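Visitor: One structure follows; several queries about it will come next.
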Amino acid sequence: MPLVLIRGAGEMASGTAHRLLAAGYRVIMTELLQPLAVRRGVSFAQAVFTGSTRVEGVEAVHANSIPEALTLTSQGKIPVLTREIGSGTLASLQVAALVDARLAKVNLGTKMDEARVVIGLGPGFTAGVDVHAVIETNRGHDLGRVLYSGSAMANTGNPGDIGGYRQERVLKSTAAGVFSSNLQIGDLLAPGDVFGCLEGNPIHAPIRGIVRGLLMTGTWVNAGTKLGDIDPRGIREYCFTISDKARAIAGGVLEALLHLGGGVAP
């Protein structure tokens, strides 16, 4: 089975990994030592904190080495490494493709010559220059579209509309410091309830809804870091199932892989 390396293990990266595994690929993911994923109910990055985690029946395990990671892929699991894998190691692993799914809005160093097929998610990449294909991540008509030339739309900074709310449903840090919260993903909040604290200063929920995203307590953040999101629809199941956006992006990655010859699933 072809092997794909995915840089990042947040929500969109995890939706992509889940789709590729179902399509017959083996997947290895890399993540930060202190992940900043807020949609932890659907992010394989959670394995870094808890050792292992499951998303819609697929298990991810925090791996300590590449040999361990390869063993896990042979068991149908997704290893998450907290180390970067350079071009030399990628060549020795003979990866079918490299997917940069960190959604950093800028290219953090991914190059088109690192693998036979290199795919970038969202803005920051240019197809034909630093990657072979770019996947549009902006909500709307082109979400999930594969671009074989040019770049994705620039980051708007505006969250997607859910239940009539945009900015109000997303909580961000106003300063640098340590974030903490007594909540759990899936908890129900009313307007004014304490969502968490930044350096001991309370952050209040602006709307009613379910805690769909929540940064791991004890995480150091910079100003402007996303701390979590509140889903006004109030459907708890949505906190633990892959979203429509993640599925659309994952479909684009799979399409690009097959179109560019990144291995054919058995």
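The values are calculated or read from the model by the stated rules, or taken from the named source; none is laboratory data. Computed from a predicted model, the values in this text were never measured in an experiment. Ideal geometry is used to build each Cβ from the backbone, glycine not excepted, and the neighbour counts take in all protein chains shown.
Visitor: Would a scan of region 166-185 turn up a residue that is assigned by TED's automatic domain parsing to the domain that holds residue 222 and touching a helix residue (DSSP H, G or I) at 6+ places or on another chain (Cβ under 9 Å)?
Guide: Yes.
Visitor: For residue 87, only one of the following conditions fails: (1) within 21 Å of residue 247 (Cβ to Cβ); (2) over 16 Å from the mean Cα position of the chain (by Cα). What is its number?
Guide: (1)
Visitor: Is it the case that residue 225 is touching a Leu at 6+ places or on another chain (Cβ under 9 Å) and either β-branched (Val, Ile, Thr) or within 17 Å of residue 10 (Cβ to Cβ) (or both)?
Guide: The answer is yes for residue 225.
Rundown of residues vs (1) in contact with a strand residue (DSSP E or B) (Cβ under 9 Å, 6 or more places away or on another chain); (2) outside the structural domain of residue 116 (by TED's automatic domain parsing); (3) in contact (Cβ under 8 Å) with a residue 12 or more places away in the chain; (4) buried (at least 22 other Cβ atoms within 10 Å of the Cβ), yes/no style:
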residue	(1), (2), (3), (4)
15	yes, no, yes, yes
24	no, no, yes, no
36	yes, no, yes, no
40	yes, no, yes, yes
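Visitor: Of all residues in region 108-162, how many are at positive phi and either of a type in the set (Asp, Glu) or in contact (Cβ under 8 Å) with a residue 12 or more places away in the chain (or both)?
Guide: 5
Visitor: Follow-up question, since we're still on this one. May I ask you to list the residues in region 133-151 that are within 14 Å of residue 252 (Cβ to Cβ) and surrounded by fewer than 24 Cβ atoms within 10 Å (Cβ to Cβ)?
Guide: Correct list: 136, 138, 139, 140, 141, 142, 143, 144, 145, 146, 147, 148.
Visitor: Please count how many residues of region 169-221 are of a type outside the set (A, V, I, L, M), touching a residue at least 40 places away in the same chain (Cβ under 8 Å), more than 24 Å from residue 48 (Cα to Cα) and outside any loop (DSSP other than H, G, I, E, B).
Guide: The total comes to 2.
Visitor: For the condition touching a Phe, Trp or Tyr at 6+ places or on another chain (Cβ under 9 Å) and charged (D, E, K, R), what is the one hit in 244, 231, 161?
Guide: Testing whether each residue is touching a Phe, Trp or Tyr at 6+ places or on another chain (Cβ under 9 Å) and charged (D, E, K, R) leaves just 231.
Visitor: Can I ask one more? Could you say which residue among 212, 208 is of a type in the set (Lys, Arg), at negative phi and in contact with a Cys (Cβ under 6 Å, 6 or more places away or on another chain)?
Guide: Exactly one of 212, 208 is of a type in the set (Lys, Arg), at negative phi and in contact with a Cys (Cβ under 6 Å, 6 or more places away or on another chain), namely 212.
Visitor: Separate question: Give region 152-168 a look and list any residue that's in a loop (DSSP other than H, G, I, E, B) and either surrounded by 18 or more Cβ atoms within 10 Å (Cβ to Cβ) or not β-branched (Val, Ile, Thr) (or both), or say none.
Guide: Scanning region 152-168 gives 152, 153, 154, 155, 157, 158, 159, 160, 161, 163, 164, 166.
Visitor: Quick one: would you say residue 217 is among the hydroxyl-bearing types (Ser, Thr, Tyr), farther than 29 Å from residue 118 by Cβ and not assigned by TED's automatic domain parsing to the domain that holds residue 117?
Guide: Spelling it out, residue 217 is indeed among the hydroxyl-bearing types (Ser, Thr, Tyr), farther than 29 Å from residue 118 by Cβ and not assigned by TED's automatic domain parsing to the domain that holds residue 117.
Visitor: So residue 88 ticks every box in (1) surrounded by 15 or more Cβ atoms within 10 Å (Cβ to Cβ); (2) small (Gly, Ala, Ser); (3) over 23 Å from residue 227 (Cβ atoms) but one. Which box is left unticked?
Guide: Condition (1) is where residue 88 drops out.
Visitor: Against the definition (without any contact (Cβ under 8 Å) to a residue 24 or more places away in the chain and either of a type in the set (A, V, I, L, M, F, W, C) or in the same structural domain as residue 149 (by TED's automatic domain parsing) (or both)), how does residue 68 come out, yes or no?
Guide: yes
Visitor: Taking residue 117 and the conditions (1) surrounded by 15 or more Cβ atoms within 10 Å (Cβ to Cβ); (2) out of contact with any Phe, Trp or Tyr (no Cβ under 8 Å at 6 or more places or on another chain); (3) within 30 Å of residue 177 (Cα to Cα); (4) among the aliphatic types (A, V, I, L, M), which numbered condition does it fall short on, given that it satisfies the others?
Guide: Of everything listed in (1) surrounded by 15 or more Cβ atoms within 10 Å (Cβ to Cβ); (2) out of contact with any Phe, Trp or Tyr (no Cβ under 8 Å at 6 or more places or on another chain); (3) within 30 Å of residue 177 (Cα to Cα); (4) among the aliphatic types (A, V, I, L, M), residue 117 misses just condition (3).
Visitor: Give the residues of region 55-72 that are hydroxyl-bearing (Ser, Thr, Tyr) and within 15 Å of residue 89 (Cα to Cα), sorted by residue number.
Guide: Selection gives 65 alone.
Visitor: If a residue has to be touching a strand residue (DSSP E or B) at 6+ places or on another chain (Cβ under 7 Å), part of a helix (DSSP H, G or I) and farther than 22 Å from residue 36 by Cα to count, how many in region 225-258 make the cut?
Guide: Final tally of qualifying residues: 5.
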